Each structure stands twice: as structure tokens, then as C-alpha cells.
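Here is the structure we will look at.
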Amino acid sequence: MATDINSTEKLYISTGNKGIIVSVMLFLSLIFNIAALLSPFYTVKMFMSAPYTCSLVGSVVLMWTHHLLIIALLIFSFSIVFPFFKLSMLFYTWFFCADKERQQKNITLVGPLGKWSMLDIFMTIILLVMTNDQFLITSSLKIGVYFFLSAIFLSMMSALIIEAKIFSESIKFVSTKKHFLDNFWDVSISRRISILVLLIIALITLIMAINTPIIQINDFFFSDNEFSILTSLITLWNQSLLLMAFVFITLIICPLLHIISLFLIWGLFKLGHKTNHKIERLLHVISMFNMLDVFCLALIIFISNGSELIATKEKGGLYVLFLFLLCLYLIPILIRGTHKNYLEFIKKIASQAQSKILQ
């Protein structure tokens, strides 16, 4: 009986002509992923040495030969293995899976994790920024970076569209019945104050982290330049406008929208069910493109393991960034809702409604 309830049409069939867009995006993402593996990512030129051009696989080999084992394993896992695993799950869910519950489990598993594939992109950006205006070492971007960016963004957008299709009925029901986050006006005063304090701290620390130096070169042979997110943007302006836009959106715009959305839900206005749910839905999407946590991991790895290439040290802005991320992770705990289990919430409420109807 349960099988009959859960069985459904395959998604690419039930979507009709509109599904062609998703199918094309998935195949393009696969092609770009393969192209990214085969294409050069960047070229590094050390003083008195021949230029060394790295592909995605080559960067793993380079890190391994320089005994940067942690970096090599993380890049291999996040930027080589996981993108193909995610694509295989998306292909299976879109083209072959006809079980509603399995579709929901698949998209809930891989959807929120897509941004971690960008770890190698952020490592490349840090290297590009660190070697800017240096005499003994220089680096330049190659086509592989753009193939990889295109592949990951296409897969993330495909996942969001597939998710919306899978949960469309449930989302429509939940939007008029119940909030994902507990209503601000119904919780205790102490909890309200705690959440608002954390939101204010998060907003202040985010603004500070954008313009406060995060990392500094600490190598005798190199200029001891220090960089913040803002100065990195200025550096990337002359290197790659696409990467500059990527950093601007994922490290500034999306985090700011993340905090503003939480402010809107928690205390500024009493919003209606539909408006509140739209913001909650937006919050869920924004959280997938808020990549400050991925950037922070890339910074930690580079500072702690990158001395074979360029010795660096952390600056105060990194600790400010840690504080922002801590607030961002604590707020959902106090709210009793997280963006990671947003889809589980929708599925649970919709299942409860369906059980009542069947009874």
C-alpha cells in the first residue's frame, strides 16, 4: 500500500516541456565538470623556475607532492568526487526515480552540500590574491576555473529547481498553515532578546569582517601584504571580473541577505503566513549560496598547511569571521529551526496533513 502511495511519475516526464531546461542544465553541468578535470586551472611561476600549470587533478598531485596531505584529500573529496556524486544523484532523481519518498531523500541529502564543492575555487582565489604584485611568485587563471564554476552553479540551480518540483505541493500547503521558524511574538522574552542580540552581533561582525584584514603574507621573500574580503575584491578586479562577482555575491551579498531575512522574520514586523513563508524559502536558498563557511575553511587550510608555497598568518578579521559564523550557527538553535532541515520540516508537516486526510 505504501508503495502505491509513494509511486509517482518520473520527474522529467511529469514536468513536461519545462523539464527540458533542467535536463539541459544537468547535461551541461556534466560536460563542464569533465572539461574542468581535463583543463588547466591556473599557472604558477616561481622565480628562476619554469611555469607550472595545474589542472584540478594536478593541484591534488601538487599538494600531495608538497606533503600538504590534508589539502590534497579535501580538494579530491570536495572538488572531484562530490560533484560527480551529486550529479549522479540528480540524474537518478530526475530521469529514473519514480518513488516520491526516495526523490525527497535524495534531494534533501545533496542539495545543501553543493556549495562545499567550491573549496578548490576559494583555494585558487586565495592563491591568486596572495601572489598579486609579488616579484618572486606570480599566478594566472586558466579556462578550467570557469568550466568548474559553471558546472557547480548549474548543478546547484538544477538541484533547487528539482527540489521545488518535488516539494511543490507540500510547500504550497505549509505556506498557509505553519511557519518553519517559531513565531517571534510567541516565544519567551529571554529567547527573543538572545536571538536579537545574536542577530545584531552577526550583522556587526559581518560588516567588520568584510573590511578587516583576514590574512597576511608572513614570508621573508615576499611583500608582507594583508588582505580583507574587500581588498581581495579590488585585487580580483584586475584579474577576473567573473571571480570578483562570485566573491561579491557569495561572501558579501548572500550573507547580508541572510541576516536581513532573519531580522525581517524576527522582530521588525508581524508578517502574514504567506509573506513569512516566502522569506523562509528565500532564507533556505540564500543559505546554499552563503559561502563564508567554505571560504573560512579554505583560509584555515591555506594558513595552516600552505607554508610550502607562501607562508601566511591569520589576522584579526579571521576571528571576527569566526564570531559571525558562530552567531549564524547559534541563531537556528535558539529559533528551533535550521536551514538544513527546512525540507524535512515541509515533508513532515505535509505528511501529517496527508495522514489526517487518509484517516
Answer yes or no as to whether Ser59 is among the small types (Gly, Ala, Ser), touching an Asp or Glu at 6+ places or on another chain (Cβ under 8 Å), part of a helix (DSSP H, G or I) and surrounded by 14 or more Cβ atoms within 10 Å (Cβ to Cβ).
yes
Exactly one of these conditions fails for Ser155: (1) surrounded by fewer than 16 Cβ atoms within 10 Å (Cβ to Cβ); (2) within 21 Å of the chain's Cα centre (by Cα); (3) at pLDDT 90 or above. Give me its number.
(1)
Output yes when any residue across region 47-56 is closer than 19 Å to Ile80 by Cα, out of contact with any Lys or Arg (no Cβ under 6 Å at 6 or more places or on another chain) and surrounded by 19 or more Cβ atoms within 10 Å (Cβ to Cβ), and no when none is.
yes
The listed residue being hydrophobic (A, V, I, L, M, F, W, C), over 21 Å from Pro83 (Cβ atoms) and open to solvent by 70 Å² or more (accessible area, probe 1.4 Å), out of Ile31, Ile20
Ile20
Region 285-319, residues that are under 23 Å from Leu330 (Cβ atoms) and at pLDDT below 85:
Glu314
Take the residues of region 64-83 that are free of Cβ contacts under 8 Å to residues at least 60 places away in the same chain and aliphatic (A, V, I, L, M): which is farthest from Gly114 (Cα to Cα)?
Leu69
Restricting to region 65-84, name every residue that is surrounded by 13 or more Cβ atoms within 10 Å (Cβ to Cβ) and at pLDDT 80 or above.
Ala72, Leu73, Leu74, Ile75, Phe76, Ser77, Phe78, Ser79, Ile80, Phe82, Pro83, Phe84
Going by what's in this entry, would Pro112 be described as open to solvent by 10 Å² or more (accessible area, probe 1.4 Å), out of contact with any helix residue (DSSP H, G or I) (no Cβ under 7 Å at 6 or more places or on another chain) and closer than 30 Å to Phe227 by Cα?
no
Being farther than 25 Å from Asn132 by Cα, modelled with pLDDT of 90 or more and not polar (S, T, N, Q) narrows Leu203, Leu242 down to just Leu203
Assess whether Ile279 counts as being surrounded by 17 or more Cβ atoms within 10 Å (Cβ to Cβ), within 30 Å of Ser188 (Cα to Cα) and at pLDDT below 85.
yes
Residue set Glu169, Glu163; condition part of a helix (DSSP H, G or I) and either open to solvent by 20 Å² or more (accessible area, probe 1.4 Å) or at pLDDT below 85 (or both); output residue Glu169
Residues that are open to solvent by 40 Å² or more (accessible area, probe 1.4 Å), at pLDDT 90 or above and not basic (Lys, Arg): does region 176-192 have at least one?
no
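The values are calculated or read from the model by the stated rules, or taken from the named source; none is laboratory data. None of these values were measured; they are calculated from a predicted model. All Cβ positions, even for glycine, are placed from backbone atoms using ideal geometry, and neighbour counts span all protein chains on display. Side chains are part of the model used for accessible areas, which takes the heavy atoms of the whole protein and leaves out ligands, DNA and RNA. Shrake-Rupley method; radii C 1.70, N 1.55, O 1.52, S 1.80 Å.
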